[in-house]
């Protein structure tokens with residue numbers, strides 16, 4: 001379904017969606033982040049890249065899996081806690097972040113379908129926004145099979161045509177959203193369609209950064225596991241978790257029991273994001289640490305994204321949003337690391 | 001004005017003479033305004049060194065890596081490491097010496113004076129430039145910065161775009177060094193704790209609200225800890241790695257393992273993390289401000305440390321990092337120390 005919506009009618013549309021929880025990028029000081037909005041008037045789609053991607057909504061950093069308790073008879077009770085099935089809409093999803101969810105879909109949707117992830121994923125409608133201009137100077141989506149107007153993972157893609165949005169719906173969930181305010185949407189004219197194509201074509205030209213010959217990288221990395229390359233590249237790494245926590249595709253998690261009462265025992269089993277850059281990541285109970293230093297941890301991040309994931313799922317586990325580059329405290333640049341790896345020893 | 005050529009000359013000389021193993025400095029980045037750390041071994045590579053207002057880093061944090069690397073080597077090279085420091089960073093060296101984390105012979109200090117300026121706050125500059133991208137930033141002749149944008153060069157008074165920490169700086173030239181580049185200019189900072197007033201003036205409930213909002217944003221990436229030269233513990237309370245569990249470990253032993261905080265990024269746990277860090281830095285933080293710069297969620301972490309710095313100054317007349325031989329704040333007492341808190 002393809003429709004156009006006057007820009008000034010956007011809040012009216014959002015008002016019609018009162019049965020949904022609405023998320024939209026909000027400015028918080030010097031940065032943008034997704035927040036639940038209570039007032040449709042404050043929706044603002046003229047935003048830069050959010051610090052955290054919509055991953056934080058679909059796969060939250062903390063999630064209770066089940067509660068446990070013992071009664072007086074020492075009987076253990078376990079109660080599964082699944083997320084509430086409340087429909088939600090996320091506005092202003094960048095096409096790269098939408099694509100990121102198609103990658104986490106693969107991870108949480110294999111032989112075991114993770115119910116926590118899918119409850120949220122299925123009840124959330126993603127309304128994307130074409131990047132007419134790149135929202136970050138480190139955008140490089142074109143180098144990792146993405147595009148500033150990609151529809152992957154999205155239910156609706158809106159494109160800013162100046163005084164109106166061109167809305168393309170690709171799914172049933174998307175159609176429902178457009179149908180919820182039929183009077184506000186018009187059919188696109190021939191000129192709208194022409195404008196859309198023009199903006200989409202131009203949006204690609206504005207992406208400044210790129211990885212050259214990305215396709216050569218996975219095979220190259222395969223032979224670099226034991227290379228001293230990682231020692232050199234990680235020299236300035238400070239072992240923080242910014243790159244992976246801000247990454248829309250990183251999905252490693254940890255599970256812990258949080259005990260709130262020791263007698264009688266009561267508590268929750270909690271899943272939280274984990275981080276391959278931390279010293280306790282996949283630490284073995286024997287005391288052995290398979291990634292004992294920062295070189296092996298940087299290697300893990302790169303190989304997971306550009307070798308292991310490609311072998312498993314035929315996709316790069318990177319969507320080119322540039323968050324890890326922009327926010328690295330010491331300027332480690334994944335594009336540079338990959339290009340150096342590609343050319344290493346040749 | 002600091003002469004970059006002088007820095008390169010000194011650096012090249014100590015490498016040629018074999019005085020140092022390598023030099024920790026900064027080189028320009030292929031992307032972005034801030035330079036990136038450089039570890040220079042060959043004298044010809046000193047040409048890569050840069051010094052400009054975007055040199056925000058406190059490089060002394062890399063002494064931690066050097067120490068770990070050395071501990072692993074069977075026959076470590078005992079030569080010092082050359083390190084480029086600003087005034088604030090040099091205070092960090094003094095604290096590391098005071099705590100005997102390093103020895104004086106471990107470092108050859110190339111000190112650089114900030115003279116009448118300091119380092120850039122990228123966010124302040126971005127606001128000034130209103131969307132224009134700064135390609136280069138250099139020190140100007142008159143306590144100003146020269147910014148190159150696509151439209152050419154503009155001059156901005158340093159005061160307008162300096163980091164908050166520089167506006168409250170107590171050591172604008174190195175307090176310990178082997179070579180000093182630049183001048184020991186005079187500078188008068190009226191109130192080094194001025195920025196704190198904004199929060200101190202709030203009534204307790206509002207102050208609590210302010211901090212709760214800030215701390216709730218934390219995603220526990222630990223960048224503030226990781227970038228801090230004082231956070232050199234082999235094992236941090238936030239990631240327990242030494243408690244080994246084997247199939248034979250009895251349940252009682254596991255139960256007795258102290259869990260200081262949960263991984264969950266919720267208020268209570270985030271507060272524990274930030275308070276533990278702040279208290280561990282009391283009398284040690286030298287206000288390089290790096291924790292605040294690197295925070296991806298812009299939590300004003302520096303205020304926590306600054307407040308404790310102020311308490312130490314007012315209650316115990318203690319300042320960190322000016323004297324490597326002074327007893328540390330938390331391990332010493334004087335008869336005249338205030339004791340009103342004992343009731």
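Among the residues that make up segment B:97-115, is at least one of them away from every other protein chain (no Cβ under 14 Å), surrounded by 17 or more Cβ atoms within 10 Å (Cβ to Cβ) and without any contact (Cβ under 8 Å) to a residue 40 or more places away in the chain? Within segment B:97-115 (the criterion being away from every other protein chain (no Cβ under 14 Å), surrounded by 17 or more Cβ atoms within 10 Å (Cβ to Cβ) and without any contact (Cβ under 8 Å) to a residue 40 or more places away in the chain), the answer is yes, since at least one residue qualifies.
The helices (runs of 4 or more DSSP H) found entirely in segment A:190-301 include none that carry 3 or more residues being within 12 Å of chain B (Cβ to nearest Cβ) and at pLDDT below 95. Residue B:93 meets all of the listed conditions (1) in a helix (DSSP H, G or I); (2) buried (at least 18 other Cβ atoms within 10 Å of the Cβ); (3) within 14 Å of chain A (Cβ to nearest Cβ) but one, namely (3). Checked against the criterion of being part of a loop (DSSP other than H, G, I, E, B), more than 22 Å from residue B:99 (Cβ to Cβ), touching a residue at least 12 places away in the same chain (Cβ under 8 Å) and within 14 Å of another protein chain (Cβ to nearest Cβ), segment B:287-296 has at least one qualifying residue.
Scoring residue B:23 on the criteria (1) within 14 Å of another protein chain (Cβ to nearest Cβ); (2) closer than 26 Å to residue B:323 by Cα; (3) surrounded by fewer than 20 Cβ atoms within 10 Å (Cβ to Cβ) leaves a single failure, condition (3).
A search for C-beta distances below 8 Å between a residue of segment B:304-326 that is at positive phi and any residue that is in a loop (DSSP other than H, G, I, E, B) and crowded, with 17+ Cβ neighbours inside 10 Å, counting only pairs 6+ apart in sequence or on different chains, returns B:321/B:171; B:321/B:175; B:321/B:286. Figure legend. Inter-residue proximity from segment B:267-279: first residues in the same structural domain as residue B:217 (by TED's automatic domain parsing), second residues surrounded by fewer than 16 Cβ atoms within 10 Å (Cβ to Cβ) and assigned to a helix (DSSP H, G or I), beta-carbon distance below 7 Å, spacing 6+ or different chains. Indicated pairs: B:267/B:212; B:267/B:216; B:270/B:216.
Scanning segment A:285-295 turns up at least one residue that is buried (at least 20 other Cβ atoms within 10 Å of the Cβ) and outside the structural domain of residue A:34 (by TED's automatic domain parsing).
Scanning segment A:28-50 for residues that are loosely packed, with under 15 Cβ neighbours inside 10 Å and either more than 14 Å from chain B (Cβ to nearest Cβ) or at pLDDT 90 or above (or both) gives A:36, A:38, A:39, A:41, A:42. Annotation: of all residues in segment A:51-78 being outside any loop (DSSP other than H, G, I, E, B) and in contact with a helix residue (DSSP H, G or I) (Cβ under 8 Å, 6 or more places away or on another chain), the one that is nearest to the other protein chains (Cβ to nearest Cβ) is A:63. Among the residues of segment B:223-237, those identified as touching a residue at least 24 places away in the same chain (Cβ under 8 Å), part of a loop (DSSP other than H, G, I, E, B) and crowded, with 21+ Cβ neighbours inside 10 Å are B:227, B:228, B:229, B:230.
The values are calculated or read from the model by the stated rules, or taken from the named source; none is laboratory data. Computed from a prediction, not measured in an experiment: that's the story for all the values here. Glycine also receives a Cβ, built like all others from the backbone with ideal geometry; neighbour counts cover every protein chain displayed.
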